[in-house]
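Below: one structure, written as structure tokens.
The values are calculated or read from the model by the stated rules, or taken from the named source; none is laboratory data. All of these numbers come straight from a predicted model, not from anything done at the bench. As a convention, Cβ positions derive from the backbone with ideal geometry for all residues, glycine included, and neighbour counts pool all protein chains shown.
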Amino acid sequence: MNVTTIGIDLAKSVFQIHGIDERGKAVFRKKVSRKKLLPTLANIGPCLVGLEACAGANYWTRKIEALGHTVKVMNPRFVAPYVMNQKNDANDAEGICEAVGRPTMRFVPGKSIEQQDIQALHRSRDLLIKQRTAQGNQVRGLLGEYGIVIPLGRKQLRKEIPLVLEDADNELTFLGREIFAKLYEHLVFIDQLIDDLEDQILIVFKNSPACQAVEKIGGIGVMGATALVSSIGDANTFKNGRQFAAWLGLVPKQHSSGGKTRLKGITKQGDQYLRRLLIHGARAATYWAKRGSTRRSQWITELEGRAGTNRTAVALANKNARIAWAILAKGEAYQLDYQPAT
């Protein structure tokens, strides 16, 4: 078979494959099981394989590239316009096959196993923090039903619960004390898990020169640096820093027509977790800039006076993302108050 391009609709058990030749004519359309996908592709000569960014895309990228094929991963939003007729697996595979060959298509950078490990650390920590917050709010609300008010803050909650359990004058029964004792143990357990994950992230940071170089940017931090390096993959995948900032959703959303330019808030596309880390880090850097005297601090302070704190935090996050791209793509060290040559 003279196949040049293949589109694969990924799934858990059954995969739909669509292959075309150099003239764009369909050569085959078929379903294969998970076990037969790689043997089927191994019997086909080297060609371009298109996948949608979804669960398992990085795994299948590594496995298919090992067979000699060139694999490109795309955002499902960019593939949707190429899907004709009604949505089904066969039409999805055909649309993927059509989209991957477009010269203007933008692709998702692949991840190595090490990068996936770092992302797994961050995702696990983020989920545990949400669970800890939910658990703390539940305990605080339940105690309020017994007339016991706990001050706001995680540290206050950890401090007050043992005192509440030991207080014999409140209305808690023996069963109630057992319930809150179990919930308190669960909170302590979650705290320990979060601390362990943060220790692992710190070890990754200390062993990565790229993370250490990015962390020197004010407003990035250890968490932001490790998350950014693990997400960006190869920085040279992006043409410039602005393209990387746009990939993170830190650029204005445009709705222009008839020669009139209309800019709204940021697009909020891309990795929500990474964008949140960058913006919160920039918010902290904005606060400390008031005490600084560098050109960067002066720029932040002046911008905050004109645009407000929130817009300044987003603008600084955008700036930090561009600087991080320059450091990773060009291999240069971060220089505070760097002035480009005229």
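Assess whether R123 counts as being closer than 26 Å to T173 by Cβ, touching a residue at least 12 places away in the same chain (Cβ under 8 Å) and either surrounded by 13 or more Cβ atoms within 10 Å (Cβ to Cβ) or basic (K, R) (or both). So R123 fails the test. For region 103-120, the tally of residues that are over 28 Å from E198 (Cβ atoms) and loosely packed, with under 13 Cβ neighbours inside 10 Å stands at 2. Counting the residues of region 287-342 that are hydroxyl-bearing (S, T, Y) and under 23 Å from the mean Cα position of the chain (by Cα) gives 1. Among residues belonging to region 43-58 that are within 16 Å of the chain's Cα centre (by Cα) and assigned to a loop (DSSP other than H, G, I, E, B), point out the one that is modelled with the highest pLDDT. Going through the qualifying residues, I end up with A53.
A quick yes/no check of all residues on (1) in a helix (DSSP H, G or I); (2) within 26 Å of G50 (Cβ to Cβ); (3) of a type outside the set (D, E):
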{"position": "R102", "(1), (2), (3)": "no, yes, yes"}
{"position": "Q116", "(1), (2), (3)": "yes, yes, yes"}
{"position": "Q135", "(1), (2), (3)": "yes, no, yes"}
{"position": "I148", "(1), (2), (3)": "no, no, yes"}
{"position": "V164", "(1), (2), (3)": "yes, no, yes"}
{"position": "A168", "(1), (2), (3)": "no, no, yes"}
{"position": "L172", "(1), (2), (3)": "no, no, yes"}
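Checked against (1) touching a Gly at 6+ places or on another chain (Cβ under 9 Å); (2) touching a residue at least 12 places away in the same chain (Cβ under 8 Å); (3) farther than 21 Å from N58 by Cβ, M84 meets all criteria but (2). The number of residues in region 150-162 that are part of a loop (DSSP other than H, G, I, E, B) and more than 30 Å from Q272 (Cβ to Cβ) comes to 2.
Exactly one of these conditions fails for G221: (1) on the phi < 0 side of the Ramachandran plot; (2) assigned by TED's automatic domain parsing to the domain that holds A285; (3) touching a residue at least 12 places away in the same chain (Cβ under 8 Å). Give me its number. Only one criterion is unmet by G221, namely (1).
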